[in-house]
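Student: One structure coming up, written as structure tokens, with questions to follow.
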Amino acid sequence: MVFEDEAGFSMTPSHARTWSQRGRTPVVRGRGRSRRRISIAALTCYKPGHRSRLIYRPRRDEGNRDGRKSFSWRDYRDLLIAAHQQLGGPIVLIWDNLNVHKAAGLREFAESRDWLTILYLPSYAPDLNPVEGIWSLLRRGWLSNVAFSTPEHLIRTVRSGLRHIQYRSNLIDGCRSAVSPPPCGYRIPR
């Protein structure tokens, strides 16, 4: 079972709380708004009896006004092929209702692969996706209280945080266990 989600990170610093000496407020200086950002698509992979895995791919926005800022269906196709090669088995993919996920080219690709089954999360319940927990860990940990000086600094920090999470399957498992099913007696409307 594989969950997918994507997130964007910009060079503007996020705000978090921290400790300091009494009377000395910590100040994180930023350079102002920046259009430079990085998009990340991540897969959390769960198989009974095996270690949980995190597979991710970054995509850097170069700031071109006419260029694509996020992942295309071809990028998702390439990510799924790489995940299939790494996992070595069939994939049941669960992701949100993003319009790129329902693109005709990606749908044709999925129909032509017997190892790929795609399911969609309800549009009103993004909290059912454990990858959201990965983004929360990243934002609360490695990206909090950091003013990025260059786009490369942002990319290095994001990759460092994801690599830290990637090699600790207990963090990935914790994100899955944080996802709670609907309460008893609750019916999902159709």
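Quick note: the coordinates plus some simple rules give every number you see, no bench work behind them. All values reported here derive from a predicted model rather than from experimental measurement. Quick reminder, even Gly has a Cβ in these numbers, built from the backbone with ideal geometry, and neighbours come from all protein chains shown.
Student: Of the listed peptides 37-50, 111-124, what is their order by residue-averaged count of other C-beta atoms within 10 Å, with the highest listed first?
Tutor: Sorting 37-50, 111-124 by mean packing, highest first, produces 37-50, 111-124.
Student: Convert each backbone phi in region 97-106 into a coupling constant with the Karplus relation 6.51 cos²θ - 1.76 cosθ + 1.60 (shift: θ = phi - 60°), then list the ³J(HN,Hα) values in order as whole Hz, x for Gly and Pro.
Tutor: 9, 4, 4, 5, 5, 9, 5, 4, x, 6
Student: Run the quick spin-label model on A104 and S70: label points 7 Å from Cα toward the beta carbon, then report their separation in nm to one decimal.
Tutor: The answer from the label model is 2.1 nm.
Student: Between R60 and A125, what is 0.36 nm times their sequence separation minus the Cα-Cα distance? Round to one decimal in nm.
Tutor: 20.6 nm
Student: Which shape class applies to region 39-146: rounded if a/c is under 1.5, otherwise prolate when a/b exceeds b/c and oblate if not, where a ≥ b ≥ c are the square roots of the Cα gyration tensor eigenvalues?
Tutor: oblate
Student: Lys/Arg Cβ at +1, Asp/Glu Cβ at -1, dipole of region 87-172 taken about the Cα centre: which of L98, S160, P122 is farthest positive-ward?
Tutor: S160
Student: So if R0 is 30 Å, what FRET efficiency would I81 and H153 give, r being the distance between their Cβ atoms, rounded to the nearest 0.05?
Tutor: For R0 = 30 Å, the calculated efficiency reads 0.50.
Student: Counting only other residues whose beta carbon sits under 14 Å from that of Q85, what net charge do I get with K and R as +1, D and E as -1?
Tutor: Here the charged neighbours net out to +3.
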